[in-house]
Amino acid sequence: MTQEIVRVKIHPAIGVARVGNSTSEDGFFIGPESPDQEPKPPGYYKDAAGAVKRQAARFRIYGYDQHGQVVRELTQDDPDVSEIAWTVHLANKKAAWYQFHLALDIPDARRLKPEQYALRNFDVKHDDRHKLVIDPGPRTVFASRPATERFDTGKIMEQTVYLGEILTQADGRLLILGGMGASASYANQPVTTFANNDTWYDDTSDGPVTATVTVDGKQMVADPAWVVVGPPDYAPPVKTVRTLYDLLEDLFIRTGRLPRPQQISFSDDIEPILRRFCELQWVNRGFAAQYGWQGPGYFLDPEMLARLADNSHRNRELRRQVYTALRDYDRDGPSPRPWPWIYGDGMAVPAQSDLQHMVLSSTQQWKLERWAAGDFVSVHRRARHADVDQALVAEQPGTLDRAALDYCIADAFHPGCEITWPVRHDTMYAEPFRIQHRGAEPERDYGEHLTPDEALSRSGPLYAQGPGDLTRWMAVPWQTDTASCRSGYEVAADLGARYSPYLPAFWPAQVPNQVLTQDDFATVNTAPDSSGTGRADADLERSTAFEHRAVWLRGLKGNNQQQLQQMVTDWPKLGIVEVRDYTVGDGKFPEKMLVESRPGAPLDQAPHTRNLVNLHVPQANPQASPAEAGRDIERAVVLALRLTGYEREEISADFIDKVDPFRPVQ
C-alpha cells in the first residue's frame, strides 16, 4: 500500500556552502552529504590553475506520511511530481551589524566597554545604513526548466557585490554556490583588526531556502531550510572534537526536543571523539606529539582501541583516566592542563576567564562518563554509509542534516568559522536543526549599541531569522579572522620552559596551525635502499621528516596589520590538507597521511617556522604612539628570544586585538 505524503521537508535543514575563487567550468564541488564520507583525492579542492573551488550546498525534498515517517525523496524523476520551485534569498549584513569582541551570552561579555557594543561603521547614520546591507533579493528556479539565477545585484555603498548563484540539477535537486572570496573596502581603507574593519565587506552570506512541490496535482509548501556560505575549509578531511552537530544535538537534548540515547555505543558515541583527537595530529604539532602516530595518547593503535572498547572492569581505570583528563570548568577553572587544548569563548591573553579553553558538550561528557563506568556496548547503533544515497530512505534526511554540520566547528565562538554563538539558543529553531524563519516582517531597530541584556532579551535578535542574520555576527572580512587563528598565543612574561608554541590552538580542524608538507611526505614515502646500506640513516631521516611540521601561515610577512592585509589577497595560495596514501608498506608510518598541498608562489618559499611563536604585546595597544609601540614590541621580542631560544624570524610579535578583548579602545 502506497503511503500518502502529507508533508514535505527540505534537507539538509542547514546547508553549508563555502567561497572559492575558481572560475573554471568544474570550479566547485558538492559539500559533505554523509558524516562518513570517504576522503577526496589529492587536488580535489583546487583547480588546475591552483584556484580554490567553491563548495556547493545541495538540497533535496522528502515526503513524509501522517505519522512523520519518511516516504521517499521527491525528485523531477518521480512520476507523481510535476514541478519543484526553489527560492533562495542570500544577504550579507556584516557591515551594518554590531561589532564582535566576545560572544554576548557569556559572563565575560559584560566586562566589555560600552563602545565595544556599538555598530560597525558607526559614522554611517539613519537611512544611509541600509546601504551597508548587501541584499540582492530572492531568486527562484524551477526543476522543470533548469536555469541558473545569480545573486549579482546586491550593493554596498553603490558597489555591486556578487554573492553566488543557484541552479537545479536534472533530478530537481538544488545547488547553491556562494561568492568568489572577494573582500574589499568601499572607501579604500586598510584592515586594522581581526573582526571589525569599518568600510570593509566580503561575499559570505546566508539566508532561507524554500520550495513548493506539486505532487499528484497538489501544490505543497515544504518545511524550509537555511544555507550558510562560509570561508573555505582548509583541512576538509578533519573533524574537530566538538562539531557544530555535536553542539546542536546537545542543545536539543537539553531542551527536550530530542531524546537522549538509551544506550551508549563505543563505535558511534566514543570512538569518534577519541579519533578526532588523533586526527588533529595533521593540523597541529602539539596534538601530533600527544595524540599522533605512536604518541602516548594514540587511541587508534589497534591494541589500545581494543582496550578502550572493552567494557570490563579490567580496563576501567584506563577509561576513567581518559575521561578525567578532559576539562571540567567546575574542577579546572582556567587551567590549561586538561584536554582539549583548544581555545574557548572567553579566550584572552593573559587568561582572565574560566572559559579560556573549550569543553566538550554536556551530551558528549555524559556519554564519556557512562563509557568510563563501563555502561556501554561496542557494536554500532547507527548505520554508516559513505554515500547518503546508499542509506535507507528513512535515514537519508538525518544523514544530510548531520553531514552538513559535522564538518563545521563549534570549538570557540570567538567568533568562529561558519556561524557563531546565537546558534546555541533554542529560540532560533522551529524544530531540531531547522532555523525559524522571520518572514516578510522587518526586524526591529536595536539602536546604536547591542548590550548582552538586549541581545538576550525576548525582543532581541535570537528568535526568527532573516536573510544574512546568521553570518552578520562574524568577522568582516573573514580573511582577517582566519589569519588570526593560530596557536600558542602568549605575552612575553609567560614564556619560558613551560611554554609551547603549538598549544592551545584556534580551530585547527578548519584553519591548520602546523602541517606535514609535500616534501616531507615525499621523504617519508620513499622506501630505504633494499640492500640495507645506510638503512638506519634513511629510517632516521624518514622519521625526522614525519615528525616535522611547517607553520601553515608561514607565508604571511610583516607586522600584524600587514599580515591581515596580505591574507585578503593571498588566501587562495594557502595549502589545503589532503589525504595521501603511504605506499612503502612497511608499517612504520600510517597507511594514510594528511598532507598540505603545495602553497602558491611565493608562499611556497617561506621558511617553515616563520610565525611559529605568536607574541601578544598589550603595551602596543591603539592608545600608544607608533614610536612607543615599536619600542615595546622590540623589548618583547628580545625577551622572547632569551626565554625561548627561537630565532627572530620565528617570532610574530605585535598588539593582537583578537586575544585582548578588554583592551584600551581609541
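Here are some notes:
- Considered as a group, the residues in region 321-334 that are in a loop (DSSP other than H, G, I, E, B) and free of Cβ contacts under 8 Å to residues at least 24 places away in the same chain include one that is farthest from I264 (Cα to Cα), and that residue is P334.
- Screening W341, W366 for residues that are over 21 Å from F506 (Cα atoms), among the aromatic types (F, W, Y) and either open to solvent by 40 Å² or more (accessible area, probe 1.4 Å) or free of Cβ contacts under 8 Å to residues at least 40 places away in the same chain (or both) leaves exactly one candidate, W366.
- Residues that are under 21 Å from the mean Cα position of the chain (by Cα) and of a type in the set (G, A, S) occur at least once in region 411-433.
- Some residue of region 18-40 being at pLDDT 95 or above, in contact with an Asp or Glu (Cβ under 8 Å, 6 or more places away or on another chain), surrounded by fewer than 18 Cβ atoms within 10 Å (Cβ to Cβ) and within 23 Å of D171 (Cβ to Cβ): yes
- Of the residues in region 442-451, none is under 20 Å from A95 (Cα atoms) and buried (at least 22 other Cβ atoms within 10 Å of the Cβ).
- Test: residue in region 318-340 that is modelled with pLDDT under 95 and among the small types (G, A, S): yes
- Note on region 1-98: enclosed strands (runs of 3 or more DSSP E) holding 3 or more residues that are closer than 30 Å to Q479 by Cβ are 14-18, 28-30, 54-64.
- Every condition in (1) assigned to a helix (DSSP H, G or I); (2) among the β-branched types (V, I, T); (3) open to solvent by less than 20 Å² (accessible area, probe 1.4 Å) holds for V595 except the one numbered (1).
- Tally, over region 369-402, of residues that are among the small types (G, A, S), open to solvent by 40 Å² or more (accessible area, probe 1.4 Å), assigned to a loop (DSSP other than H, G, I, E, B) and touching a residue at least 60 places away in the same chain (Cβ under 8 Å): 2
- Among residues that are over 23 Å from D108 (Cα atoms), of a type in the set (S, T, N, Q) and open to solvent by 60 Å² or more (accessible area, probe 1.4 Å), Q436 is included.
- Scanning region 262-315 for residues that are closer than 29 Å to G488 by Cβ and either open to solvent by 30 Å² or more (accessible area, probe 1.4 Å) or modelled with pLDDT under 95 (or both) yields R275, E279, R285, A289, Q290, W293, Q294, P296, Y298, L300, D301, M304.
- Restricting region 443-483 to residues that are polar (S, T, N, Q) and assigned to a loop (DSSP other than H, G, I, E, B), the residue that is nearest to the chain's Cα centre (by Cα): T451
- Within region 326-338, being open to solvent by less than 40 Å² (accessible area, probe 1.4 Å) and within 22 Å of A289 (Cα to Cα) holds for L326, R327, S335, P338.
- For L318, the requirement of being surrounded by fewer than 23 Cβ atoms within 10 Å (Cβ to Cβ), within 26 Å of I264 (Cα to Cα), without any contact (Cβ under 8 Å) to a residue 24 or more places away in the chain and over 20 Å from the mean Cα position of the chain (by Cα) is met.
- Boolean, D519 is open to solvent by 50 Å² or more (accessible area, probe 1.4 Å) and assigned to a loop (DSSP other than H, G, I, E, B): no
- Residue tally, condition out of contact with any Leu (no Cβ under 9 Å at 6 or more places or on another chain) and in contact (Cβ under 8 Å) with a residue 60 or more places away in the chain, over region 1-18: 6
- When residues of region 522-542 are limited to those that are free of Cβ contacts under 8 Å to residues at least 40 places away in the same chain and assigned to a helix (DSSP H, G or I), the one nearest to K573 (Cα to Cα): A522
- Among the residues making up region 51-72, those that are open to solvent by 30 Å² or more (accessible area, probe 1.4 Å) and either closer than 13 Å to I10 by Cβ or not charged (D, E, K, R) (or both) are R58, Q66, H67, G68, Q69.
- Filtered residues of region 634-649 (kept if in contact with a Phe, Trp or Tyr (Cβ under 8 Å, 6 or more places away or on another chain) and open to solvent by 60 Å² or more (accessible area, probe 1.4 Å)): L643
- The residues listed here are V213, V227, V221; of these, the one that is within 22 Å of L400 (Cα to Cα), open to solvent by 10 Å² or more (accessible area, probe 1.4 Å) and either among the aliphatic types (A, V, I, L, M) or modelled with pLDDT under 95 (or both) is V221.
- Applying a threshold of 8 Å to beta carbon distances and a minimum spacing of six or more residues, or different chains, the list of pairs starting in region 442-453 at a residue that is over 15 Å from L112 (Cβ atoms) and ending at one that is loosely packed, with under 12 Cβ neighbours inside 10 Å reads R444/S459.
- Filter result for P626 (surrounded by fewer than 18 Cβ atoms within 10 Å (Cβ to Cβ), touching a residue at least 12 places away in the same chain (Cβ under 8 Å) and over 21 Å from G286 (Cα atoms)): no
- Meets criteria (at pLDDT 95 or above, in a loop (DSSP other than H, G, I, E, B) and on the phi < 0 side of the Ramachandran plot) for L564: no
- Any hit, region 517-527, residues being at pLDDT below 95, out of contact with any helix residue (DSSP H, G or I) (no Cβ under 8 Å at 6 or more places or on another chain) and not basic (K, R): yes
- Residues located in region 241-277, provided they are among the hydroxyl-bearing types (S, T, Y) and under 22 Å from R320 (Cα atoms): S265, S267
- Candidate set: region 493-514, residues that are open to solvent by 10 Å² or more (accessible area, probe 1.4 Å) and outside any loop (DSSP other than H, G, I, E, B); chosen: the one farthest from Y343 (Cα to Cα): A493
- Among the residues of region 344-362, those that are part of a helix (DSSP H, G or I) and either without any contact (Cβ under 8 Å) to a residue 60 or more places away in the chain or polar (S, T, N, Q) (or both) comprise D354, Q356, S362.
The values are calculated or read from the model by the stated rules, or taken from the named source; none is laboratory data. The shown structure was predicted, so the numbers you read here are calculated from the model rather than taken from an experiment. Here the Cβ is made from the backbone with ideal geometry for all residues, glycine too, and neighbour counts use every protein chain on show. The protein model used for the area step is the full one, side chains on, heavy atoms only, and it has no ligands, DNA or RNA in it. Shrake-Rupley method; radii C 1.70, N 1.55, O 1.52, S 1.80 Å.
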